[in-house]
Amino acid sequence: GLLSDNVNTLAISKEGTVYVGGADGLNVIKDEKVSAFNSLLNIPINDLNIDEEGRKWVATENGLARISADDKVEEFANRKKGFPYTRLNSISRDTEGSLWISTGRD
């Protein structure tokens, strides 16, 4: 039921929801049901980080996505929207809460 057999990253929320990033988008496994985020379909997901507030930060080949703690609000920053970076490889947070992103191109 996953979008892709090529899994690049996994993250688990405090509530036990599993987020699976792969070559064709981001899946959610909750209560034994698999679903996907429509805004990220067919976009390779390279890394995923869940912050203390439960927001998902998603490093993709096409830009940076942020998904609200309740998974209802999806934002995607890409070149079309003025975000200058693509091919994001990894994403992490430091102890001060700053977001660190590495790229493969920019």
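A DSSP coil position with no more than 16 other Cβ atoms inside 10 Å describes the following GluC sites (Glu not before Pro) in the stretch 70-106: E96.
Amide hydrogen proximity for A36: with H placed 1.01 Å from N in the peptide plane, the residues at 5 or more positions away or on another chain lying under 5 Å are V28. For F83, the residues whose modelled amide H falls within less than 5 Å of its own, excluding neighbours fewer than 5 places apart on the same chain, are N78. Per residue, the convex hull spanned by the Cα atoms of the stretch 7-46 amounts to 61 cubic angstrom.
Charge dipole (Cα centre; +1 on Lys/Arg Cβ, -1 on Asp/Glu Cβ; no other charges) of the chain amounts to roughly 400 debye. Taking amide H as placed 1.01 Å from N in the peptide plane, N62 has its amide H under 5 Å from the amide H of R87, L88, each at least 5 places away in sequence or on another chain.
May I ask for log10 I(q)/I(0) of the stretch 16-106 at q = 0.11, 0.15, 0.16, 0.26 Å⁻¹, from a Debye sum over the Cα atoms as equal point scatterers with solvent left out? The Cα Debye sum returns log10 ratios of -0.28, -0.53, -0.61, -1.49. The slack between E96 and E52, meaning 0.36 nm per residue of separation minus the straight C-alpha distance, is 14.7 nm.
Throughout, read-outs are computed from the coordinates displayed, never taken from laboratory work. This structure is a prediction, so every number in the text was calculated from the model and none was measured. As a convention, Cβ positions derive from the backbone with ideal geometry for all residues, glycine included, and neighbour counts pool all protein chains shown.
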